[in-house]
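Visitor: Got a structure for you, written out below as structure tokens; questions coming shortly.
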Amino acid sequence: MTVEGKSKKKPGSTKLQEVRLGVWRIVIEKPTSSRWAISSLSLPDVAEQWKKATSMLPQLQTFAMDIYALDPFQATLFLLSRLWHGFEEIFVLHLSTRILAIIEIGLKSSKPDTSAILQAVAARLVLVGMTTMVDVWSEKISAVMETRVQHYYEDKLFAAKLETDMPATHDNADDGGVYAGGVWDSFTDILGMGTVILQTIGILTYILQLATSTQHGPIFVLLCVAKPLARFLYRQSLWHQPFIAQAENQDFKRLKALGQLGGDKYRQDIISGGVGGYIMDQYQQAHEALGDVNTDYPTNLWDNERSAVSNIIFEVLAELPMFFYAVNAILNPTKFTLSKIAMLQHSEAVLRRSFHRGVNQMNDFQRGMGFVKRLYKVCSPANSIKDGVLPYPSPTMEEAERKGMSIDFRNVSFSYPGAKDGAKALDDVSFSIKSGQLIVLVGANGSGKSTIVKLLARLYDATGGEIRVGDGDIQRYQIADLRRATASLTQDHHLYPLSLGENIALGNAARLSASTVPLGEDPEVLKAAERGGASGFMTKLDKGFETNLNPQVQSYTLHVQEQDGTPLAAEMKKLAKKADISGGERQRVVASRTFMRFTTGKVRLVIADEGSSALDPEAEWELFKNLREEREGKTLIFVTHRFGHLTKYADAIFCMKDGKLVESGTHEHLIAMEGGEYAKLYEIQAKAFNASSDS
């Protein structure tokens, strides 16, 4: 977990301080310059905190206006309800003081003013009734606004996820726990700080007026706020400073890793491998090894670190108002009455509660400010893949690219973000592919084949050299145009948690959006499913093209078993459940999506990167044949380990090894190279069919 905060301090004015709490290693910046200090109490750098707060004002204004714009009327009502809560305690305090004063006068004169007392009590009851109505009203408005805010920011965060490029996913810093459900909480935390400030100012003003008869009003106010003020100055929250927190406890990390094995992703391997008992045993051992080490959030652990001495000081400060009453009762007995003491005590409790709320709200406010900062950072991903400005194909190359995309790698090198010692996935690779050619890319695992595919799709940019498409650098063209001109079928593609028909139809998303025909009846979808080899098994499914393997349905049951034979059990059986198909069938659906992409009429490059790894030999041969038949107007690149079906059709074969292009040419040319890499790979595959080769 990392929570960022930029420090403007000059180099050398701070040093790093490392603290270990629970499973966490926490690193903060500690100023080296001298600061005011009283024992362990140190005054915060108010100027710096103020500067940070004011720098956030434009972002807070944007945040507030975004929420206000969702429903100005409801937002205004909600703000008014919070304003009412800010002044409610002052009204209550005033009415209570008034009732006590009227009662005291009546007791002294033995003639209570019944009418005044009843009016004061009635006013108090009216206030209680109004407060209750505002609470009910506020809760309803809050529920509506929270839902709208959550939906709005769910859309923004989801759009940001879809726009985030591949290099950004390698960033070590996570999103700091940003989620749509936390936006409304952060808004109310920030708004709550304003409410507390208004409330505290109002109560201070009222108490000053109330305590003027003792001639020590300001002193009494200071004594009342001594404890919360000391806690504020002593606060050690992480939320108001830059820090890095990382879980370094090995037992904790082991526990987290083992816990992931309970997910659906690993279920088949766990069951078929019979390793459930071992994993459970290891999980329990990790728990025992972790013992009582605290795994709470680092911010909570930090906040809870407080010495016994400081707690004693805080409690003594809390008793100062009582000393004030005692001293004044001795020195000024004529100016103090029991009702006056009761009113001051009540006022003191309200003020102290308000200050305590303010100190606690300060942490919530800082947390909310930090959340807003991270929220807008996540909503505006800092992508490193910069878009080009030229359309593809440009008007000057339209005719030249009619046969397919031409590609030219010129001394291209590439290292993945975070690669150890800058290890190169590609090292000075150069080759040319003419429009309409069929290229077969071969090589051992880790040789750089898939990296070439990712660079062509502009999932990453080369770190050295140049990639040219048509007559220009690939980075000059608009990314959306390049991707519309590319159809890829890779080993990394997955089925979406949608119907199988929609999975295929998404190959042409624009057509799908405009279509009103059921997917199982759409002739283009049916044709794509046939070409990809998926129609055979899909038509045998109960729901056909509408089958969803992983329906996103949330349901809850209690005390109901399917085997009970009750009407409720029968209803439970009707609930949507997950289904499954084989790996080869999944690959056929993905292949069908690729064929659907051809219906856009814009595809100039087709890339098949081990997209048939789960298919049987016959299905693989059929898929490659269907792809070759779509060759007109397209350049085809096949990345494969099993290249027997393709070599005789290839215009050129590129052989990769350790990130370098070591050989290129036709099958006949490469197989004739004695000791060549391609010949070695080909011979290894041929041995499987040569009985005499085993020894």
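Visitor: Please tell me if Thr463 is surrounded by 15 or more Cβ atoms within 10 Å (Cβ to Cβ), under 24 Å from Thr164 (Cβ atoms), within 27 Å of the chain's Cα centre (by Cα) and of a type outside the set (Gly, Ala, Ser). Break it down into steps so the answer makes sense when it comes.
Guide: Details: surrounded by 15 or more Cβ atoms within 10 Å (Cβ to Cβ): yes; under 24 Å from Thr164 (Cβ atoms): yes; within 27 Å of the chain's Cα centre (by Cα): no; of a type outside the set (Gly, Ala, Ser): yes.
Against the criterion (surrounded by 15 or more Cβ atoms within 10 Å (Cβ to Cβ), under 24 Å from Thr164 (Cβ atoms), within 27 Å of the chain's Cα centre (by Cα) and of a type outside the set (Gly, Ala, Ser)), Thr463 does not qualify.
Visitor: Given the conditions (1) more than 30 Å from Ala480 (Cβ to Cβ); (2) at pLDDT 90 or above; (3) of a type in the set (Gly, Ala, Ser), report the number of the one that Ser592 does not fulfil.
Guide: The single condition Ser592 does not satisfy is (1).
Visitor: Mind listing just one residue for me: the one in the stretch 248-260 that is aliphatic (A, V, I, L, M) and touching a helix residue (DSSP H, G or I) at 6+ places or on another chain (Cβ under 6 Å) and, of those, surrounded by the fewest Cβ atoms within 10 Å (Cβ to Cβ)? Steps first, answer last, please.
Guide: Quick first cut of the stretch 248-260, residues aliphatic (A, V, I, L, M) only: 255, 257-258.
Applying the additional criterion that residues be touching a helix residue (DSSP H, G or I) at 6+ places or on another chain (Cβ under 6 Å) yields 255, 258.
Working: Leu255: 20, Leu258: 18.
Ranking the candidates gives Leu258 first.
Visitor: Can you tell me which residues in the stretch 403-442 are touching a helix residue (DSSP H, G or I) at 6+ places or on another chain (Cβ under 9 Å), modelled with pLDDT under 90 and within 23 Å of Leu636 (Cα to Cα)?
Guide: Hits for the stretch 403-442: nothing passes.
Visitor: Please go through the stretch 236-269 and give me each residue that is modelled with pLDDT of 80 or more and among the aliphatic types (A, V, I, L, M), ordered by number.
Guide: Of everything in the stretch 236-269, those that are modelled with pLDDT of 80 or more and among the aliphatic types (A, V, I, L, M) turn out to be Ile244, Ala245, Ala247, Leu255, Ala257, Leu258, Leu261.
One line per residue, one yes/no per condition, for (1) surrounded by 15 or more Cβ atoms within 10 Å (Cβ to Cβ); (2) in contact with a helix residue (DSSP H, G or I) (Cβ under 6 Å, 6 or more places away or on another chain); (3) at pLDDT 70 or above:
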site	(1), (2), (3)
Ala37	no, no, no
Gln61	no, no, yes
Glu88	yes, yes, yes
Thr97	yes, yes, yes
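Visitor: Could you go through the stretch 633-655 and let me know if any residue there is part of a helix (DSSP H, G or I), modelled with pLDDT of 80 or more, touching a Cys at 6+ places or on another chain (Cβ under 7 Å) and farther than 20 Å from Ala487 by Cα. Explain how you work it out, then say what you get.
Guide: Going through the stretch 633-655, the residues part of a helix (DSSP H, G or I) turn out to be 647-649.
From what is left, the residues that are modelled with pLDDT of 80 or more are 647-649.
Imposing the further condition that a residue be touching a Cys at 6+ places or on another chain (Cβ under 7 Å) reduces the set to none.
No, that holds for no residue.
Visitor: For the stretch 382-425, how many residues are of a type outside the set (S, T, N, Q), closer than 21 Å to Leu605 by Cα and in contact (Cβ under 8 Å) with a residue 24 or more places away in the chain? Spell out how you get there, then give the answer.
Guide: Looking only at the stretch 382-425, we keep the residues that are of a type outside the set (S, T, N, Q), and these are 382, 385-393, 395, 397-405, 407-410, 412, 414, 416-425.
Pick out the ones that are also closer than 21 Å to Leu605 by Cα and you get 385, 387-393, 395, 397-405, 407-410, 412.
The next check asks that each one be in contact (Cβ under 8 Å) with a residue 24 or more places away in the chain; those that pass are 385, 387-393, 397, 400-405, 407-410, 412.
Adding up the residues that qualify gives 20.
Visitor: Looking at the stretch 438-449, which of its residues are at negative phi and surrounded by 19 or more Cβ atoms within 10 Å (Cβ to Cβ)? Walk me through it before giving the result.
Guide: Keep residues of the stretch 438-449 that are at negative phi, which gives 438-442, 444-445, 447, 449.
Scanning the stretch 438-449 gives Leu438, Ile439, Val440, Leu441, Val442, Ser447, Lys449.
Visitor: So, in the stretch 479-501, of the ones that are closer than 19 Å to Val606 by Cα and aliphatic (A, V, I, L, M), which residue ends up farthest from the chain's Cα centre (by Cα)?
Guide: So the residue we want is Ala485.
Visitor: Filter the stretch 466-478 for residues that are crowded, with 19+ Cβ neighbours inside 10 Å and closer than 16 Å to Arg604 by Cα; which is modelled with the lowest pLDDT?
Guide: Only one residue fits best here, namely Gly470.
Visitor: If Arg604 satisfies all but one of (1) out of contact with any Asp or Glu (no Cβ under 8 Å at 6 or more places or on another chain); (2) charged (D, E, K, R); (3) modelled with pLDDT of 80 or more, what's the number of the condition it fails?
Guide: The number of the failed condition is (1).
Visitor: Identify the residue in the stretch 503-543 that is over 21 Å from Lys602 (Cβ atoms) and of a type in the set (Asp, Glu) and, among all such residues, is surrounded by the most Cβ atoms within 10 Å (Cβ to Cβ).
Guide: Filtering first and then ranking leaves Glu530.
Visitor: Cβ-Cβ below 6 Å, separation at least six or inter-chain, first residue in the stretch 584-608 and in a strand (DSSP E or B), second hydrophobic (A, V, I, L, M, F, W, C): which pairs?
Guide: Qualifying pairs under 6 Å: Leu605/Met405; Val606/Ala487; Val606/Leu636; Ile607/Val453; Ile607/Ile637; Ala608/Leu489; Ala608/Phe638.
Visitor: Would you please name the residue that is nearest to the chain's Cα centre (by Cα), looking only at residues in the stretch 51-98 that are β-branched (Val, Ile, Thr) and under 23 Å from Ser138 (Cα atoms)? Working first, answer last.
Guide: Of the stretch 51-98, the ones β-branched (Val, Ile, Thr) are 54, 62, 67, 76, 90, 92, 97.
Among the residues that remain, those that are also under 23 Å from Ser138 (Cα atoms) are: 67, 76, 90, 92.
Values: Ile67: 20, Thr76: 30, Ile90: 41, Val92: 43 Å.
Restricting to residues being β-branched (Val, Ile, Thr) and under 23 Å from Ser138 (Cα atoms), the top hit is Ile67.
Visitor: Looking at Asp421, Asp428, Asp387, Asp364, can you tell me which residue is part of a strand (DSSP E or B) and either of a type in the set (Asp, Glu) or exposed (fewer than 14 other Cβ atoms within 10 Å of the Cβ) (or both)? First the steps, then the outcome.
Guide: Details: Asp421 fails: part of a strand (DSSP E or B); Asp387 fails: part of a strand (DSSP E or B); Asp364 fails: part of a strand (DSSP E or B).
After applying the criteria, what remains is Asp428.
Residue-by-condition table, conditions (1) surrounded by 14 or more Cβ atoms within 10 Å (Cβ to Cβ); (2) in a helix (DSSP H, G or I):
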site: Gly262; (1), (2): yes, no
site: Tyr266; (1), (2): yes, yes
site: Ile271; (1), (2): no, yes
site: Tyr278; (1), (2): no, yes
site: Glu288; (1), (2): no, yes
site: Val293; (1), (2): no, no
site: Leu301; (1), (2): yes, yes
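The values are calculated or read from the model by the stated rules, or taken from the named source; none is laboratory data. Note that the structure is a prediction, hence the values are computed from the model and not measured. FYI the Cβ positions are ideal-geometry reconstructions off the backbone, even for glycines, and counts take in every protein chain you see.
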